[in-house]
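A short write-up of the structure that comes next.
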Amino acid sequence: MTYIPHTDAERQQMLAAVGVTTMEDLFPDVPAKYRFPQLNIPAALSELETAAELLALSEANEHAQDFAVFRGAGAYHHFIPSVVNHMLLRGEFYTAYTPYQPEVSQGTLQAIFEYQSMICALTGMDAANASHYDGATSLAEAVTVALDVGRQKRRKIILSPAIHPQYRAVVRTYHQGNDVQIVGDGGRADLSDLITMLDENTAMLAVQYPNFFGQIDDYKTLAEKVHNAGALLVFVANPLALALLKSPGELGADIVVGEGQPLGIPLGYGGPYLGYFAIRNAYVRKIAGRIVGETLDKNGKRAYVMTLRPREQDIKREKASSNICTNQGLMALAAVVYMSVMGKQGLKQAAELCYHKAHYAAQQINSVPGYSVELSKPFFHEFMVKCPLAISDLNNALLERGFIGGYDLGADYAHLKDHMLLCVTEMNSKDEIDALVAALKEIGS
Amino acid sequence: MDSAIPTIYDISVPGRHGSKLPDVDVPKSDMPADLLRADVRLPEVSELQVVRHFVDLSELNHAIDKGFYPLGSCTMKYNPKINEDMARLAGFAHLHPLADESGTQGALALMYELQNWLAEISGFKGTSLQPAAGAQGEFAGILMIRNYHLDRGEPQRTTILVPNSAHGTNPATCTMAGLNVKELPSDQDGNVDLEALRAACAGDNAKTIAGMMITVPNTLGLFEAHILEALEIVHAAGGLMYMDGANMNALLGVVKPGELGFDVMHYNLHKTFSTPHGGGGPGCGAVAVGEKLLPFLPGPLVQMIEAGTDDEAPLYGLRMPEKSIGRLKAFHGNFGMHVRAYTYIRMHGAEGLKRIARHAVLNANYIRVKLQNAYHVPYNRICGHEFVMEGHFKDVPDVHALDISKRLMDYGIHPPTNYFPLIVPEALLIEPTETEDKATLDEFIAAMLKIAQEAHETPELLTSAPHSTPVSRLDEVRAAKQLVLCCSPVRQAASD
């Protein structure tokens with residue numbers, strides 16, 4: 001049964017070698033009163049039965065192979081070339097662990113090194129780590145770095161309200177014990193409002209790019225203002241958009257974080273995803289988590305190793321700035337394989353398809369009576385639509401017609417009641433978009 | 001410069017295409033030129049080049065699928081292939097995390113069952129699957145303890161007691177949560193020093209105690225002999241008890257931490273429940289709690305909103321607990337890991353889970369007794385799922401645990417965890433797991449005995465090892481000093 005290979009004879013030989021009689025003799029230090037409790041867990045199934053049960057559970061979900069998905073809000077339905085999954089299923093990658101022993105881990109180490117390189121290329125930063133848990137925790141870790149760069153004296157963190165609401169919630173969870181003042185995101189502040197909050201107590205200001213509403217704000221003078229106040233500028237960026245848009249580095253960012261899921265990772269009900277984290281050289285020693293560096297072996301051969309290790313929890317213990325140990329390594333592998341096979345042109349093409357299709361959809365929907373699309377700012381592949389009925393009712397009607405509609409913004413932003421955030425990617429054909437527009441028209445009239 | 005395998009940038013050729021997407025099928029829209037970038041330094045390679053490159057890289061790794069991987073405290077057991085297939089079922093892999101709850105009932109049902117099973121296995125009242133890794137589970141647990149005391153109007157309870165044998169994540173976690181660490185010594189048998197614990201909780205000290213974090217079995221692989229006393233001392237002081245469940249593989253069906261009196265623990269689903277380690281992650285650090293901490297769990301949790309009937313399935317929904325410490329991540333945790341752990345538990349059932357711990361412990365003890373004459377085993381008694389020995393010989397002072405580790409690679413075996421726990425000099429922490437057969441253990445034992453012999457006869461074989469790996473020992477000082485963190489085309493672009 002299952003995966004335990006011992007035969008009765010082997011078990012007896014081994015017990016005898018240890019000097020005990022039964023398996024139960026192996027637990028003398030466990031208090032007798034509590035030893036060997038009942039486990040109320042259903043009886044084992046065979047692999048065949050297990051697979052049938054899981055298939056049934058999976059098919060009880062409304063997923064992107066059965067529905068046309070027009071929902072994003074931090075999790076995006078993109079094309080993933082087959083090669084990505086095939087590489088992830090190499091047991092040499094997925095059944096290894098953290099490359100503590102570089103001589104037998106060069107595959108993982110070089111893959112991470114190449115991943116770091118591509119993240120730096122996209123973001124315009126100098127260094128990237130091997131990953132955080134997701135975009136949200138990456139932002140929370142950026143706060144830790146900014147507090148550290150501010151020598152723990154600057155205690156104010158300015159967050160744009162146009163950062164993903166769940167990311168802002170995670171920042172608050174992470175820093176609730178740290179005497180940090182988190183401001184900026186309580187109302188409808190725009191960039192110029194956020195700038196007025198900068199002062200000598202500010203450690204960082206963070207914006208999302210494109211922002212949670214899909215828009216591209218005008219960041220031209222932002223970096224100068226933030227830096228004049230002695231604070232760090234943090235961008236939460238969609239990495240796929242960066243194939244097309246100016247890099248945050250070019251816009252003056254000091255730290256760039258974000259969700260790497262658009263880079264070859266399926267929707268997967270929200271995880272495992274990939275928190276990427278990139279930073280300028282000046283602050284590289286403040287970074288948390290694993291970093292891979294190039295070096296030579298004793299024969300002069302190029303090789304890779306985890307470096308700057310003394311920052312990490314296993315060495316620095318209570319003086320470490322983060323407790324991260326296990327990260328999202330295999331998701332970084334997915335991203336590096338995806339970026340390799342898409343390449344310079346493929347990634348840009350995917351981003352362009354998103355842009356053109358989203359703009360086509362926005363124009364079409366804007367012309368439907370009762371709907372109005374927010375078009376005052378440039379956008380990438382998401383846009384806000386004011387709808388003629390409650391979003392939950394609208395989405396129910398769309399579901400019946402085979403669509404997963406937009407995200408209900410009213411849940412997080414009181415002033416955006418009856419607004420949905422629609423997302424269009426390369427996965428949505430023109431026919432699908434036209435059908436959505438027709439459905440919206442029918443439901444709205 | 002000789003390199004084992006060129007980087008993906010080294011084999012890039014300008015103008016080459018990999019994957020191709022469809023043409024634009026809608027009218028194109030203008031793109032504001034001032035928003036666009038000029039170039040992005042990504043490689044240009046063919047799909048076959050990508051496949052060969054990453055297959056070549058994969059072959060440089062040691063992995064469970066290739067050979068024995070007794071990396072202590074990491075539980076490198078077999079990762080069943082069925083797990084991977086289940087996580088990739090379309091209804092899971094292509095499910096949007098913000099889909100309406102009516103359309104995610106299958107995923108929610110799975111998470112609900114897993115929450116309950118994990119509570120049952122550990123003897124707790126509730127579980128949150130939010131934490132992405134053990135360290136995040138610890139963080140959740142310590143924040144819950146902190147907020148429990150705040151909620152009771154005892155903000156002065158800011159000290160967490162941590163034995164000196166603890167994983168580094170334990171003290172780092174306390175600092176992240178804004179609490180103070182007081183380190184406790186271990187006694188001569190490898191247990192937490194009860195006298196030191198009593199002193200730390202005595203008199204006015206008691207009022208500052210928030211709780212204690214303790215790993216069971218501890219990082220020496222030993223079940224704390226005085227665990228009930230430790231629980232009583234800390235509880236009497238008004239503190240809560242956190243169990244680091246990294247070593248839960250030794251306890252499945254053996255003891256329930258919640259029944260012992262612990263208030264909170266985290267699991268590592270990527271250790272105990274076979275979800276793969278992925279070259280560093282992802283994992284899942286599900287956190288389970290007793291009655292006191294239920295309202296503080298990180299959310300959202302899956303709850304049964306309406307019970308099922310004969311004709312209808314129950315209705316599940318995501319809800320935040322009343323006094324939740326908050327979200328630890330966007331969305332609902334590493335759901336793909338939940339699917340794998342669910343699959344694993346479903347295939348084992350209660351009886352199968354009980355067999356896991358017993359065989360993991362048997363395997364560790366078998367190795368221990370076979371190596372105890374050749375190596376010094378400092379706390380030599382029946383151990384849990386792992387044990388520590390010293391990778392050092394008094395009569396061969398130049399050979400260290402590192403050298404033994406590197407030499408093991410030449411025998412095709414991944415080294416044990418070395419130099420941890422910190423309280424044993426030249427530590428080698430060996431965890432075989434239950435999925436290894438006797439023949440594999442015997443090969444490992446033979447290799448270790450041979451290495452002990454080599455250490456005495458030809459120590460340079462060890463100090464210059466490994467000899468058969470893709471690269472030899474690395475210049476780690478150079479890596480840290482020269483700090484090359486990107487492929488050269490990207491570095492050049494940055495300095496342009």
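Structure summary
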quantity	calculated
Which listed residue is open to solvent by 10 Å² or more (accessible area, probe 1.4 Å) and under 17 Å from A:Q110 (Cβ atoms), from A:R302, A:R317, A:R309	A:R302
Lone unmet requirement of (1) without any contact (Cβ under 8 Å) to a residue 12 or more places away in the chain; (2) under 18 Å from A:S322 (Cβ atoms); (3) small (G, A, S); (4) touching a Cys at 6+ places or on another chain (Cβ under 9 Å) for A:A127	(1)
Scan of the stretch A:12-49 for residues that are touching a residue at least 12 places away in the same chain (Cβ under 8 Å) and either at the interface with chain B (Cβ under 7 Å from one of its Cβ atoms) or touching a strand residue (DSSP E or B) at 6+ places or on another chain (Cβ under 6 Å) (or both), ordered by number	A:M23, A:F36, A:A44
Selection count where residues are surrounded by fewer than 15 Cβ atoms within 10 Å (Cβ to Cβ), under 35 Å from the mean Cα position of the chain (by Cα) and not in a loop (DSSP other than H, G, I, E, B), scope the stretch B:3-49	2
Matching entry among B:V377, B:V369 (being free of Cβ contacts under 8 Å to residues at least 12 places away in the same chain, surrounded by fewer than 24 Cβ atoms within 10 Å (Cβ to Cβ) and hydrophobic (A, V, I, L, M, F, W, C))	B:V369
Whichever residue in the stretch A:279-304 is within 8 Å of another protein chain (Cβ to nearest Cβ) and among the basic types (K, R) and, among such residues, is nearest to the chain's Cα centre (by Cα)	A:R290
Top-ranked residue in the stretch A:405-415 [being out of contact with any His (no Cβ under 6 Å at 6 or more places or on another chain) and within 17 Å of A:G72 (Cα to Cα); ranked as surrounded by the fewest Cβ atoms within 10 Å (Cβ to Cβ)]	A:A411
Members of the stretch B:186-202 that are out of contact with any Pro (no Cβ under 6 Å at 6 or more places or on another chain) and over 20 Å from B:A246 (Cα atoms)	B:D187, B:Q188, B:D189, B:L194, B:E195, B:L197, B:R198, B:A199, B:A200, B:C201, B:A202
Residue list for the stretch B:96-106, restricted to those being under 14 Å from B:P300 (Cα atoms) and either part of a loop (DSSP other than H, G, I, E, B) or under 27 Å from the mean Cα position of the chain (by Cα) (or both)	B:P97, B:L98
Restricting the stretch A:362-397 to residues that are within 10 Å of chain B (Cβ to nearest Cβ) and in a helix (DSSP H, G or I), the residue that is nearest to A:K417 (Cα to Cα)	A:S392
Some residue of the stretch B:154-169 being modelled with pLDDT under 95, outside any loop (DSSP other than H, G, I, E, B) and either open to solvent by 20 Å² or more (accessible area, probe 1.4 Å) or touching a helix residue (DSSP H, G or I) at 6+ places or on another chain (Cβ under 6 Å) (or both)	yes
Residues of the stretch A:335-358 that turn out to be β-branched (V, I, T) and at the interface with another protein chain (Cβ under 7 Å from one of its Cβ atoms), as a count	2
Hey, B:K394 outside the structural domain of B:A225 (by TED's automatic domain parsing), in contact (Cβ under 8 Å) with a residue 60 or more places away in the chain and open to solvent by 30 Å² or more (accessible area, probe 1.4 Å) or not	no
Options B:D56, B:D34; residue that is over 25 Å from B:G278 (Cα atoms), of a type outside the set (A, V, I, L, M) and more than 7 Å from chain A (Cβ to nearest Cβ)	B:D34
Tally of residues being within 7 Å of chain B (Cβ to nearest Cβ), in contact (Cβ under 8 Å) with a residue 12 or more places away in the chain and assigned to a helix (DSSP H, G or I) across the stretch A:306-329	2
Among (1) in a loop (DSSP other than H, G, I, E, B); (2) among the charged types (D, E, K, R); (3) within 36 Å of the chain's Cα centre (by Cα) - the single one B:D56 does not satisfy	(1)
Number of the exception - B:G178 against (1) touching a Gly at 6+ places or on another chain (Cβ under 7 Å); (2) open to solvent by less than 10 Å² (accessible area, probe 1.4 Å)	(2)
Boolean, B:K66 is among the charged types (D, E, K, R), outside any helix (DSSP H, G or I) and facing chain A (nearest Cβ under 7 Å)	yes
Residue that is modelled with pLDDT of 95 or more and either open to solvent by less than 10 Å² (accessible area, probe 1.4 Å) or of a type in the set (D, E, K, R) (or both), where the choices are A:N129, A:N201	A:N129
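The values are calculated or read from the model by the stated rules, or taken from the named source; none is laboratory data. Everything numeric in this text was worked out from a predicted model, so none of it was measured. Cβ atoms come from the backbone with ideal geometry, glycine included; neighbour counts cover every protein chain shown. These accessible areas exclude ligands, DNA and RNA; they are computed on the full protein's heavy atoms, side chains included. Shrake-Rupley method; radii C 1.70, N 1.55, O 1.52, S 1.80 Å.
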